[in-house]
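For reference, the structure is listed below as structure tokens.
The values are calculated or read from the model by the stated rules, or taken from the named source; none is laboratory data. Not measured: the values here are computed from a predicted model. Cβ: placed from backbone, ideal geometry, glycine included. Neighbour counts: every protein chain shown. Please note that ligands, DNA and RNA were not included when accessible areas were found on the heavy atoms of the full protein model with its side chains. Shrake-Rupley method; radii C 1.70, N 1.55, O 1.52, S 1.80 Å.
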Amino acid sequence: MFVSCHLMRIRVEVSQPRRYEPYSDAEASRLIEEERSQQGPLIPIFHRLQERFGYIDDRAIEPIAETLNISRAEVFGVLSFYSDFRRSPSSATSVRICRAEACQSVGGAALLSHAENVLGVGCGEETNDGKVRLEQVFCLGNCALSPAVMVEERLIGLVTPARFDEIIASIRGSE
């Protein structure tokens, strides 16, 4: 589908949610071991686990702590601090709305409010049909094309409420 935006036409292609491998203790241990030599390895470990499984399983907390010689509480504290890391599997398409100042200055707050009303959920929640998870992020680095939304790994700029509705319709497979 094509959407007109001021002086340009931007193609909106919404990818389907990525399919991840089922969680495996052995694979998680392998990934943890591969990242342990990184400078500040905890965040890279989280990224690798989430890239492979789509989330960080609670079963990975203890092996991470043991490998890095830190407490389980420290691992859990860092994991729970960053909203980008998921702690449970989901087949929903992730829709992130930027809440940074540039996006807020051109309608980002209204866009988020519209999204919550359309989807019937708040940030960090999944729709009843399980197709969309609404999230907030505090900068997508797309300030010149604010307000910005990220659908899975696809960055979309100049998102109006009407354009948001088209994106959601594409995800849900209607209209």
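Report whether or not Ala162 is without any contact (Cβ under 8 Å) to a residue 12 or more places away in the chain, of a type outside the set (D, E, K, R) and not in a strand (DSSP E or B).
Numbers: without any contact (Cβ under 8 Å) to a residue 12 or more places away in the chain: yes; of a type outside the set (D, E, K, R): yes; not in a strand (DSSP E or B): yes.
So Ala162 fits the description; yes.
If I ask for residues that are touching a strand residue (DSSP E or B) at 6+ places or on another chain (Cβ under 7 Å) and at pLDDT 95 or above, which ones from segment 152-163 would you list? It would help to see each step written out before you state the result.
Residues of segment 152-163 touching a strand residue (DSSP E or B) at 6+ places or on another chain (Cβ under 7 Å): 152, 156, 158-159, 163.
Within segment 152-163, Ile156, Leu158, Val159, Arg163 meet the criteria.
Which ones in segment 74-96 are modelled with pLDDT under 95 and over 17 Å from Gly54 (Cβ atoms)?
Ser80, Phe81
What is the number of the single condition among (1) of a type in the set (Gly, Ala, Ser); (2) within 14 Å of Thr93 (Cα to Cα); (3) not in a helix (DSSP H, G or I) that Gly141 does not meet?
(2)
Restricting to segment 120-164, what's the tally of residues that are aromatic (Phe, Trp, Tyr) and over 15 Å from the mean Cα position of the chain (by Cα)?
Residues of segment 120-164 aromatic (Phe, Trp, Tyr): 138, 164.
Going one step further and asking which of them are over 15 Å from the mean Cα position of the chain (by Cα), we end up with 164.
Summing the residues that are aromatic (Phe, Trp, Tyr) and over 15 Å from the mean Cα position of the chain (by Cα) in segment 120-164 gives 1.
Being open to solvent by 20 Å² or more (accessible area, probe 1.4 Å) and either in contact with a Ser or Thr (Cβ under 6 Å, 6 or more places away or on another chain) or assigned to a strand (DSSP E or B) (or both) is the filter here; which residues of segment 115-130 pass it?
Glu125, Glu126
May I ask you to list the residues in segment 34-46 that are of a type in the set (Asp, Glu) and open to solvent by less than 30 Å² (accessible area, probe 1.4 Å)? Lay out the reasoning, then the answer.
Step one: filter segment 34-46 for residues of a type in the set (Asp, Glu), giving 34-35.
Across segment 34-46, the qualifying residue is only Glu35.
What number of residues in segment 157-175 are closer than 17 Å to Glu101 by Cα and buried (at least 18 other Cβ atoms within 10 Å of the Cβ)? Give the steps one after another, and end with the answer.
As a first pass, look at segment 157-175 and keep what is closer than 17 Å to Glu101 by Cα: 157-160.
Subset that is buried (at least 18 other Cβ atoms within 10 Å of the Cβ): 157-159.
Residues that pass the stated criteria total 3.
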